[in-house]
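The block underneath contains the structure these notes are about, expressed in structure tokens.
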Amino acid sequence: MTVETTLGPSGTEEEHTPELLGPWALMWRKFRRHRVAYVSLWITGLIYFMALFGDFLAPEKVDETNRRGIFVPPQGIHFLVTDEDGSRSFQLHAKALKMQVDRATMRRSYVQDPDKIIPLGFFVEGYSYEILGLIPSKTHFFGPKNPRDIVYFLGSDRLGRDILSRIIIGTKISMSIGLVGIVVSLVIGVSLGGLSGYYGGWVDTLIQRLVEFLRSIPTIPLWMGLAAAIPLGWPPLYTYFVVTIIVSMIGWTSLAREVRGKFLSLRNEDFITAARLDGLTDWEVIRKHMVPSFSSHIIASLTLAVPLMILAETSLSFLGIGLQPPIVSWGTLLKEAQNIRSIIEAPWLLIAPGTMIVIAVLALNFLGDGLRDAADPHAH
Amino acid sequence: MSDTILKVRDLNMHFPVGGGFFGKSTDVVRAVDGISFDVRRRETFGIVGESGSGKTTLGRCIMRVLKPSSGSIVLRRKDGQEVDLCRSGKAELRDIWKDMRMVFQDPQSSLNPRLRVLEIVGQSLRKSEGLSGKDLSERVAQLLRQVGLRPEFLMRYPNAFSGGQRQRLGIARALATQPELIIADEAVSALDVSIQAQILNLLQDLQEEFSLTYVFIAHDLAVVEHICDRIAVMYLGQVVELAETEALFRAPKHPYTRALLDAVPVPDPRKRRGKHKVSKLADVGAGSKGCRFAARCPHATDLCRNEAPPAKRVQDSDVLCHFAGEI
């Protein structure tokens, strides 16, 4: 694309505009052209919206058990009701269920109750909560109009808890606790990688050998050991918080290498030399020229690290060394589906949170890829 | 005219080769090997040579981007004070860099793509004179005008400029601190020929206007002939011939210079060339005790191969050859 030739005969400012865009604006334009990444950005945004306004979106209370709603399969939403006189009208509703117990096998099954429907609606009244922990409210985005009715859109678990609500509430923990780890990796990775790349010599050798040593430690046994070393008396969220920080103590290594590489290549760039010749001190050169040059790469690699953290949380919780119930996260939800019986009798226990994890991880990965491509001036 | 602004004496820049995690490096590359010369005030001093001859390293040593292994570089500053750059510390260098500026070869990589023109050209002023806001943008706009750019370009990013315009920005940045000496490292090599001429003319006009001294590093003899007063020809880290431009082009004394001049393409297919053909770049081992050019020289004798040539002065030219003036 030749920019010079786009100048019109009049040479008005409008025709100049594309040239005047700064590097960030150019990056954004390139990013928007990456369709999948752009859609992923919206999905990621939605997921974080879910994390922030979980209570508003969840139809049921997260730890509300229901003895008469154990292992209910997902219930559908219906649109039309037929009145007694045969006329049809629009009304969002779900069919009420009746539990039947087979005396011979002692198995429960649910059949639809043809006489009863549960009307559904938007902005309905439900359990009370606080928006963002500040404003008390009882309004929920979607659910049964009568607060005493319960509808399981994605089925229920062995205690009759609503899976949909649990997934929505679990988003908060799953999407946020990884971020803490990432911030820790970021701080350690950038400072040690920066030191390593800028000064070189024995500092570089020392840090790189440390990185190699840490990378050679197998992670799962280490995590298990660490989880065992943490006092049992600690609250489970606190325990997991500590585990994440310890995990990220190892997670910084790849970031440190990336930053070091960037520093090494930047150190020889002419504009860095030019900045030094302009009389800037080392620190000013790093702050004004080097860090802005690779901040976009850092953002991209951090975005790619978030799904790894989510998966780590999931697998740790699945193994029983991460989060423990009663904390609700996607990992602890999957743990519910850990035995054959629940997979056969209630496959939604596995499918629903599993799908959510796949969507979140894919969205973040595509987002990270898109950001990286947009940040790379050599990519097409 | 004839007082000296820069005195380079016995300058050496040796880079260690090899050596790993535990091993010590065994060998050195003598990128700059015992070079001495003077640069006079308000002249344009050319340094030419093929790639790998060490001319860029020499430029960076003079700029003190690299710390030379040994030798001295004495700069006479604006206030008449003489400083040896090899013995200056970081803080002192930052001050010296106001008097001595550099124009880079690649205008693409020497301008930070993430900063606006105002910041790129003005950052030395912001630092040295503490200018900011309106004062700074006025000064930068003035600098842009001096290098033939429109002051409206102030808020643009480098990606909005063509190669020639970018090199003008590089020159504007060099001029910002009102230097006396500008080291231009292949300043026009990355540009196409028509733009080269424009930039060279700009450099000459600026020299007139601000009484600048240039050290002009290049590999293109046509460019050097056009702009330089005196020329140093470099070969493998040494200056093999140093003479006035006119004398050098009329009567080259060193066989290498002759070969170099011969290699300039002549736009006439009937004119035969290649009188002074030299063989391809030979392997320059560490233990070469004789003349460095001996392996490629058509006139080489046993004397050349065994004994390093002394610096000779032949008809106002400094030549590094046993048979200078004879062949």
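Out of A:Gly368, A:Gly279, A:Gly354, one residue alone is within 18 Å of A:Leu179 (Cβ to Cβ) and either within 14 Å of chain B (Cβ to nearest Cβ) or modelled with pLDDT of 80 or more (or both). It is A:Gly368. Scanning the range B:190-245 for residues that are of a type in the set (A, V, I, L, M, F, W, C), within 27 Å of B:Asp99 (Cβ to Cβ) and surrounded by fewer than 17 Cβ atoms within 10 Å (Cβ to Cβ) yields one hit, B:Phe210. Restricting attention to the range B:28-84, the residues that are in a helix (DSSP H, G or I), within 14 Å of another protein chain (Cβ to nearest Cβ) and among the aliphatic types (A, V, I, L, M) total 2.
Results for (1) exposed (fewer than 15 other Cβ atoms within 10 Å of the Cβ); (2) modelled with pLDDT of 85 or more; (3) assigned by TED's automatic domain parsing to the domain that holds A:Gly331, shown as yes or no for each residue.
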| site | (1), (2), (3) |
| --- | --- |
| A:Arg209 | yes, yes, yes |
| A:Ala228 | yes, no, yes |
| A:Ile250 | no, no, yes |
| A:Glu258 | no, yes, yes |
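Has the range A:44-58 got any residue that is over 27 Å from A:Lys138 (Cα atoms), at pLDDT 85 or above, among the β-branched types (Val, Ile, Thr) and not assigned by TED's automatic domain parsing to the domain that holds A:Glu125? The answer is no; no qualifying residue exists. Scanning the range B:108-163 for residues that are surrounded by fewer than 17 Cβ atoms within 10 Å (Cβ to Cβ) and of a type in the set (D, E, K, R) gives B:Glu129, B:Lys134, B:Asp135, B:Glu138, B:Arg145, B:Arg150, B:Glu152.
Name the residue that is farthest from B:Ala295 (Cα to Cα), counting only residues in the range B:240-273 that are among the small types (Gly, Ala, Ser) and assigned to a loop (DSSP other than H, G, I, E, B). Walk me through how you get there before you give the answer.
Residues of the range B:240-273 among the small types (Gly, Ala, Ser): B:243, B:247, B:251, B:259, B:263.
Retained after the next criterion (residues that are assigned to a loop (DSSP other than H, G, I, E, B)): B:251, B:263.
Values: B:Ala251: 23, B:Ala263: 18 Å.
Result: B:Ala251.
Can you say whether A:Lys138 is in a strand (DSSP E or B), exposed (fewer than 14 other Cβ atoms within 10 Å of the Cβ) and not assigned by TED's automatic domain parsing to the domain that holds A:Glu345, as far as the supplied structure shows? Answer is yes for this residue.
The rows are residues; the columns are (1) within 11 Å of chain A (Cβ to nearest Cβ); (2) more than 24 Å from B:Phe210 (Cα to Cα).
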| site | (1), (2) |
| --- | --- |
| B:Leu115 | yes, yes |
| B:Lys127 | yes, no |
| B:Gly133 | no, yes |
| B:Ser137 | no, no |
| B:Ala141 | no, no |
| B:Gln146 | no, no |
| B:Leu149 | no, no |
| B:Arg166 | no, no |
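Return the pairs, sorted by first residue and then second, in which the second residue is surrounded by 19 or more Cβ atoms within 10 Å (Cβ to Cβ) and not in a helix (DSSP H, G or I), the first residue lies in the range A:285-298 and is assigned by TED's automatic domain parsing to the domain that holds A:Glu258, the beta carbons are less than 6 Å apart, and the residues are 6+ apart or on different chains. Taking only residues 6 or more apart or on different chains, the pairs are A:His289/B:Asn112; A:Pro292/B:Arg114.
Checking B:Val117, B:Val121, B:Val83, B:Val147 one by one, the residue that is β-branched (Val, Ile, Thr) and without any contact (Cβ under 8 Å) to a residue 24 or more places away in the chain is B:Val83 and no other. Please go through the range A:326-378 and pick out each residue that is touching a residue at least 40 places away in the same chain (Cβ under 8 Å), part of a loop (DSSP other than H, G, I, E, B) and either crowded, with 21+ Cβ neighbours inside 10 Å or among the hydrophobic types (A, V, I, L, M, F, W, C) (or both). Hits for the range A:326-378 are A:Ile327, A:Val328, A:Ser329, A:Ala346.
The values are calculated or read from the model by the stated rules, or taken from the named source; none is laboratory data. Keep in mind it's a predicted model, so treat the numbers as computed, not measured. Note that we place each Cβ from the backbone using ideal geometry, even for glycine, and neighbour counts take in every protein chain shown.
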